[in-house]
1. Residue 58 versus residue 22, label points 7 Å from Cα toward the beta carbon: distance in nm?
2. Give the angle, between 0 and 90 degrees and rounded to the nearest 10, that separates the Cα long axis of helix 71-81 from the longest principal axis of the Cα atoms of the chain.
3. Per-residue ellipticity at 222 nm for the chain, helices alone: DSSP H runs ≥ 4 residues times -39500 (n - 2.57), over residue total, nearest 500 deg cm²/dmol?
4. Going by the alpha-carbon gyration tensor, a ≥ b ≥ c the square roots of its eigenvalues, is region 52-100 rounded (a/c under 1.5) or, if a/c is not under 1.5, prolate (a/b greater than b/c) versus oblate?
5. Could you check the spin-label model distance between residue 83 and residue 43? Points 7 Å from the Cα along Cα→Cβ, value in nm.
6. Cα convex hull of region 3-113: how many Å³ per residue?
């Protein structure tokens, strides 16, 4: 995986179907892995993830936390699982439009395709 995108999910059951619908098409142009961190939700997010997401997509990893310790803690737990060369995160409630993620992926891809050295100078 070239890109790992961490997505903490706290009480996002209603948003999860649309989230997955919006992120999956980006795989056509990028090597991506998504790490959904179920961040101790009190709604049915965990059940939704277990029944509809977990194990159904080769590039989506689901991590479950029993207690919500905040957005940053969810990110940290997701980062521990990330295997990508480049790391990023988005909000599960889609506060940022998928175009934001797409623009950032393009910037990184273009930067390194225009530079022969794979390290930032």
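A short reminder: the numbers here are calculations on the coordinates, not readings from a lab. None of these values were measured; they are calculated from a predicted model. Positions of Cβ are generated from backbone atoms using ideal geometry, with glycine treated the same way; all protein chains shown enter the neighbour counts.
1. For the pair residue 58/residue 22, the computed spacing is 2.6 nm.
2. Roughly 60 degrees between the two axes.
3. Computed ellipticity for the chain at 222 nm equals -10500 deg cm²/dmol.
4. rounded
5. Here the modelled spin labels are 3.1 nm apart.
6. So the per-residue Cα hull volume is 94 Å³.
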